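Please read the structure below before turning to the comments.
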Amino acid sequence: MKRWMRVAIPFGLLTAAVTGTLIVHAVEQPDPDDPEYLTPVHVQEISGGTLAERLVAEGVTVERATSTEQAVTAVTKAGRATLFLSTPDLADLPQLRRLPRGTNIVAVAPSELSLRRIDWPVAVEGSHWTSTVTDPGCADPVATAAGPAAVLRTAYRADAGTTCYAGGLVSFSHNGLFVTVAGSPDPFRDDRIAEHGNASLAVGLLSRDTRVVWLDVHEPDVTPTTPPPTQPTFAYTPDPNATDEYYDEDYYGDGDGDGGYGVPGGGDGQGEAEGEGDGEGDGESNAGGGSPLRDDPFLNSLPSTFWATLLLLVLILIALAIAAARRLGAPVTEPLPSQVPANETMLGHARLYAVARARDESMLVLRDAARRRLTTHLNLPPDAGTEQIAHAAGLPVRYVRDILDRDPPESNSDLVEAATLLQGLVRDVTGTHTDEGDPS
């Protein structure tokens, strides 16, 4: 077996095992765009029908909305309600700014990108391979009553508020809204709700009000926006005596956001405020020396076990390199520390060459020994060529060349055949018999 295969085969098998595990794990994870994912209308493995039934049993009214606009309207029109975002990454989050103050929002595993879109004061701190069961570790009454729950898969970090389950559940107030971010869908799923304290936690989070508006969307929900009116144009003859007094601040706006584009008062100013907020956040991030790699959504989405596996592969490669370092390169000639019988020395060398599978080096040793015997017997210089040996021995040049200058052996059988031919050539020229397998 080739030397490189000693490293390639174990590494290839390990890579195949890790890749297969990652593929199976990715296939087994439910996708938010699956119509059955956390939907209240079915009781399936990844649905939320069981949770909806438990809420109804607690006296909570569950209203299903199929768009963000419909959900916001439902919350606004009938008083206090809890808005349940089962797929926040697919929702039109900026519309949540229309919600009345005091509204409770429960969002399931929003990504870093979604959190930036809504500008909530919370960020993704890390992720796990699977949902992890942890203790609440906080004073939140709902979490304390539920006890250990499998809500930690994505860990979040909030600037203020309450953090439970090692970052798997974060609650905070923002612009008059009370928001709870859960790091895993397991407590809300039909096939996981009965485990640990999942049911108590999910029902407790959604039963703060007597009404729950369940946003059930499974494709990107983008509400078309009306483009701003274009600035009117006027045809007039310029007055050479015109001054800046012709600028009408009441019509075009005074530049501070109170007006613009022909609309007195300038709309709601929401877009400008959002732009200013985003610029401020970026400025703070750059001022704090944040690393672009740390803020990369793709890198943040990779589980910690991926990095652990990558580190393990590197350590395995280093260990294999260290283990094979003593066998790298061709065998070298070293003087023996003491006199030993020639037969034992020959067998020891042969076993070393056999263990190292050094067929080329073994052939060189046999060929050099045969040339030395032939040149000594024929009274030729040590560096005599093949033609000189053939002429001195009275043998055809082609015959001697085929034995002394043949190609390196590609297998053990080729090595045995070459050694036999060398032994026969030495015997025919010198008229003596050598030990089997050693033409010297």
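The values are calculated or read from the model by the stated rules, or taken from the named source; none is laboratory data. Predicted model only: the values in this text are computed from it and were never measured. Methodologically, a virtual Cβ is constructed for each residue, glycine included, from the backbone with ideal geometry; neighbour enumeration extends over all protein chains shown.
Taken over the stretch 346-391, the criterion of being under 13 Å from Leu425 (Cα atoms), small (Gly, Ala, Ser) and surrounded by fewer than 17 Cβ atoms within 10 Å (Cβ to Cβ) is satisfied by Ala369 alone.
Residues in the stretch 96-108 include at least one that is in the same structural domain as Ser171 (by TED's automatic domain parsing) and under 23 Å from the mean Cα position of the chain (by Cα). Residues in the stretch 33-66 that are among the small types (Gly, Ala, Ser) and either on the phi > 0 side of the Ramachandran plot or exposed (fewer than 14 other Cβ atoms within 10 Å of the Cβ) (or both): Ala57, Gly59.
Report yes if some residue within the stretch 149-168 is under 21 Å from Leu93 (Cα atoms), buried (at least 18 other Cβ atoms within 10 Å of the Cβ) and β-branched (Val, Ile, Thr); otherwise report no. Yes, the stretch 149-168 contains a residue that is under 21 Å from Leu93 (Cα atoms), buried (at least 18 other Cβ atoms within 10 Å of the Cβ) and β-branched (Val, Ile, Thr).
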